[in-house]
Amino acid sequence: MKSLSTHLPNQAKFWREPALANIEMLQATYRTHRFPPHAHDEYALGIIERGAQAYLDARGHRLVMPERTICVINPGSVHEGRPALEGGWDYRMMYVPTEYLTNMFGRESEPPEGPVYFSATVIDDPQTMRLLYEAHLCSESVDAHPLEKASRLTAALFQLVQRHAQTAQRIDLPRSLPGAVKRARDYIDAHFVENPTLDAISEAAGMSSYHLIRAFKHAVGIAPHAYLVQRRVAMAKHLLLKGQALRQVAIEVGYCDQGHLSREFWRFFGVPPSRSRR
């Protein structure tokens, strides 16, 4: 396989898949990009096509996601990523809502016991990896029929869940947070467009600013401000995928100008918003 220059630009393409619950899809080449600490509300499921990604979670656990493996990140798990090899990595990801995957786990006569949980972040399963790869390629194709797209994605996700997930463990969702931290997080979720002050967030939490910062970072994995920025950028991505203009999106998520949003978007995704949309 040819080596790729680290001087070449990062590339990323996002789209929604209307054939399957409008889940978000990503195909990216990251040669130099480093993700800041962040988490997803959904399951982040995908495959490493080339190279390798170095992964670090909020508990300090490090691992490498190598080529031809499946990578799985549970909802709410704070993590960061960077190249593990010179030349970075290529991967294909899909972001699947919790309720969708949970319902897939149970049968009609046997409802699921709770949210599914993946104990392994890196999975070596060539057959399931191939199913995910072909389903993702099919979703990207403009010629494939919606029924084929939905069928391939459903089959791939079902096999991944059946082989590698369980319901015996809790996922670190917002409802499992300490009361004060959850109130602070809920307040940020509801007011991030308004750029809330630390005092306002602390008052909503019923805790001093100093103690809130420590408790929030301990429970969530990132500081309140970092969480607020993450929510803004995530919402911006959703709105851009709906086709809204960048200038309008910047206003709707609380930025005074689109340049500020573009800088934050680049920090999280390694590309400017104008180059990320399909």
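The values are calculated or read from the model by the stated rules, or taken from the named source; none is laboratory data. A quick note: this is a predicted structure, and the numbers were derived from the prediction, not measured. Positions of Cβ are generated from backbone atoms using ideal geometry, with glycine treated the same way; all protein chains shown enter the neighbour counts.
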So residue 252 passes all but one of these: (1) under 16 Å from residue 29 (Cα atoms); (2) surrounded by fewer than 16 Cβ atoms within 10 Å (Cβ to Cβ). Which condition number does it fail?
(1)
Yes/no for residue 264 being within 20 Å of the chain's Cα centre (by Cα), outside the structural domain of residue 25 (by TED's automatic domain parsing) and not hydrophobic (A, V, I, L, M, F, W, C)
yes
Counting only residues that are hydrophobic (A, V, I, L, M, F, W, C) and at pLDDT below 90, the stretch 166-190 contains a total of 4
Every residue from the stretch 121-169 that is touching a strand residue (DSSP E or B) at 6+ places or on another chain (Cβ under 8 Å) and under 22 Å from residue 76 (Cα atoms)
121, 122, 123, 157, 160, 164, 165, 166, 167, 168, 169
Please find, among 214, 232, 183, the residue that is basic (Lys, Arg) and under 24 Å from residue 24 (Cα atoms).
232
